[in-house]
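The values are calculated or read from the model by the stated rules, or taken from the named source; none is laboratory data. The shown structure was predicted, so the numbers you read here are calculated from the model rather than taken from an experiment. Positions of Cβ are generated from backbone atoms using ideal geometry, with glycine treated the same way; all protein chains shown enter the neighbour counts.
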Amino acid sequence: MITLKNMNQEEFKQYISFAVEDYAKDKIASGNWSEDEAIDLSKKSFDQLLPKDEKTENNHLFSIFNNDILVGMIWIAQKGPTKPNEGFIYDFMIFEQYQGQGYAKKAMKEIETIAKELGINKIGLNVFGHNKIARGLYEKMGYEITNITMAKTI
């Protein structure tokens, strides 16, 4: 059974050390950042978005458990005072050894339930173009493309 629990400080420390590196790799793979600048830019992004770590206002970071086993994490934020009924999933991951077992779909359903409880009635997210598996999941769950950024190396 999949459950989402508020991330504690120790889980946050583990998450942030992985997330900074993972986000930097995605930005490099998508051609947005160079390898030289990626880690610094990634750290700055997380510092701006989560200045109070897992306790940052309007940000809800959850550890995803299958029974008592930690299988991933998800981070949703309310867009703020001007759009409190809109949320954005900043990060979502199922650890590699647990992928392909249906946990992602179940966790997405759980975060939608939590979002409704928070007063959120619309959720946005970003998916990197090279992440075809995640994009497929989101489309199956009813998420629609709102923007597409394209690039060509010449």
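Laid out as a table, the results:
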item: Residues located in the stretch 72-90, provided they are touching a residue at least 40 places away in the same chain (Cβ under 8 Å) and either more than 12 Å from ILE111 (Cα to Cα) or touching a Pro at 6+ places or on another chain (Cβ under 8 Å) (or both); result: GLN78, TYR90
item: First in the stretch 44-71 and without any contact (Cβ under 8 Å) to a residue 60 or more places away in the chain and over 18 Å from GLN99 (Cβ atoms), second anywhere and of a type in the set (Phe, Trp, Tyr) and in a strand (DSSP E or B), Cβ under 6 Å, 6 or more apart; result: LEU61/TRP75
item: Candidates LYS122, LYS132, filtered to the one that is exposed (fewer than 11 other Cβ atoms within 10 Å of the Cβ) and either touching an Asp or Glu at 6+ places or on another chain (Cβ under 9 Å) or more than 20 Å from ILE64 (Cα to Cα) (or both); result: LYS132
item: Among (1) surrounded by 14 or more Cβ atoms within 10 Å (Cβ to Cβ); (2) assigned to a helix (DSSP H, G or I); (3) of a type outside the set (A, V, I, L, M), the one test that THR113 misses; result: (1)
item: Per-region count, the stretch 135-151, residues surrounded by 15 or more Cβ atoms within 10 Å (Cβ to Cβ) and assigned to a loop (DSSP other than H, G, I, E, B); result: 1
item: Single residue of the stretch 2-31 satisfying the filter (exposed (fewer than 14 other Cβ atoms within 10 Å of the Cβ) and not in a helix (DSSP H, G or I)) that is modelled with the lowest pLDDT; result: GLY31
item: Matching residues, the stretch 50-64, being over 15 Å from ASN8 (Cβ atoms), out of contact with any Gly (no Cβ under 9 Å at 6 or more places or on another chain) and either modelled with pLDDT under 95 or crowded, with 18+ Cβ neighbours inside 10 Å (or both); result: GLU57
item: Matching residues, the stretch 52-97, being within 16 Å of the chain's Cα centre (by Cα) and hydroxyl-bearing (Ser, Thr, Tyr); result: THR56, SER63, TYR90
item: Condition met for ASN131 (closer than 18 Å to LEU61 by Cβ and modelled with pLDDT under 90); result: no
item: Verdict on GLY100 being exposed (fewer than 11 other Cβ atoms within 10 Å of the Cβ), at pLDDT 90 or above, more than 13 Å from the chain's Cα centre (by Cα) and among the small types (Gly, Ala, Ser); result: yes
item: Per-region count, the stretch 40-49, residues surrounded by 13 or more Cβ atoms within 10 Å (Cβ to Cβ) and either under 26 Å from MET150 (Cβ atoms) or in contact with a Phe, Trp or Tyr (Cβ under 9 Å, 6 or more places away or on another chain) (or both); result: 5
